Amino acid sequence: MAKFFDHISAKLAAFIAKQHVFFVATAPLSGDGHVNLSPKGLDAFRVLSPNRVAYLDMTGSGNETSAHVNENGRITFMFCAFEGAPNILRLYGHGRTVLPGTPEWDALSPLFTLYTGTRQIIVADIDQVQTSCGYSVPRMDYVGDRDTLIRWAEARTEDGLNTYRREKNQCSMDDLPAPVVEWINPARAENAGD
């Protein structure tokens with residue numbers, strides 16, 4: 001039932017573009033460390049090429065993905081069809097964190113809506129793609145994105161978000177360091193001169 005590919009085909013890229021949620025999994029090298037599995041929403045995932053993807057990562061309660069890819073690069077993405085034909089798609093690869101203020105950020109960030117609370121972009125080079133049946137994944141109706149995280153970030157100043165990132169996002173729950181940069185939201189910086 002499972003099929004393996006060495007790249008993301010146009011058909012699979014179209015499937016990805018239709019999904020409203022995806023999951024990202026990472027783990028530290030230490031066998032005692034915790035495996036992280038996070039659901040992601042919003043319009044935050046992009047297929048950059050048949051073997052490269054990126055997603056916009058928002059400020060959150062932890063920064064496990066960034067810490068893990070900083071340590072060892074391993075990353076897996078999973079997409080499930082909750083409507084239409086059953087399908088599960090996994091992308092296996094090696095990721096890295098792209099922070100604001102870098103040339104790669106300047107190249108990639110225009111591909112996304114930069115919500116208040118945007119923290120970083122995770123880029124992954126994909127070396128294996130797997131599809132499987134998804135026969136037991138339930139059908140569910142999409143009713144809309146939640147705006148809770150964006151409202152949470154908007155209720156804080158940039159200084160408040162930077163303080164939060166310093167306190168909560170500089171290392172993983174297993175004390176692996178995570179790249180964090182302080183920055184000012186470009187939309188707010190542009191409006192500051194008005």
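The values are calculated or read from the model by the stated rules, or taken from the named source; none is laboratory data. Model, not experiment: these values are computed from the prediction. Reconstructed Cβ throughout: ideal geometry from the backbone, glycine too, with neighbour counts over all protein chains shown.
A few points about this structure:
- For Tyr142, the conditions (1) surrounded by 17 or more Cβ atoms within 10 Å (Cβ to Cβ); (2) out of contact with any helix residue (DSSP H, G or I) (no Cβ under 7 Å at 6 or more places or on another chain); (3) of a type in the set (Phe, Trp, Tyr); (4) modelled with pLDDT under 95 all hold with the exception of (1).
- Scan of the range 7-62 for residues that are closer than 19 Å to Gly93 by Cβ and of a type in the set (S, T, N, Q), ordered by number: Ser9, Gln19, Thr26, Asn36, Ser38, Ser49, Asn51
- The condition (being aliphatic (A, V, I, L, M), part of a loop (DSSP other than H, G, I, E, B) and free of Cβ contacts under 8 Å to residues at least 12 places away in the same chain) is satisfied by just one residue among Ala107, Ala14, Ala85: Ala85.
- Taking (1) in a strand (DSSP E or B); (2) in contact (Cβ under 8 Å) with a residue 40 or more places away in the chain in turn, His20 satisfies each apart from (1).
- Residue list for the range 22-51, filter: over 10 Å from the mean Cα position of the chain (by Cα), under 23 Å from Ser172 (Cβ atoms), surrounded by fewer than 17 Cβ atoms within 10 Å (Cβ to Cβ) and not acidic (Asp, Glu): Leu29, Ser30, Gly31, His34, Val35, Leu37
- Test set (1) within 28 Å of Arg151 (Cα to Cα); (2) at pLDDT 95 or above; (3) within 17 Å of the chain's Cα centre (by Cα) - Asp106 fails condition number: (3)
- In a residue-by-residue description of the range 56-70, the property of being farther than 22 Å from Asp127 by Cα and in a strand (DSSP E or B) applies to at least one position.
- Close pairs (8 angstrom Cβ cut-off, 6 or more residues apart or separate chains): at positive phi in the range 69-81, of a type outside the set (A, V, I, L, M) and at pLDDT 95 or above anywhere: Gly73/His94; Gly73/Gly95; Gly73/Arg96
- Screening Tyr135 against (1) among the hydroxyl-bearing types (Ser, Thr, Tyr); (2) at pLDDT below 95; (3) in a strand (DSSP E or B) leaves a single unmet condition, (3).
- Unique match (being farther than 16 Å from Pro179 by Cβ, modelled with pLDDT under 95 and hydroxyl-bearing (Ser, Thr, Tyr)) among Ser49, Ser30, Ser38: Ser30
- Scanning the range 146-176 for residues that are surrounded by fewer than 11 Cβ atoms within 10 Å (Cβ to Cβ) and acidic (Asp, Glu), we see that the one that is farthest from His68 (Cα to Cα) is Asp159.
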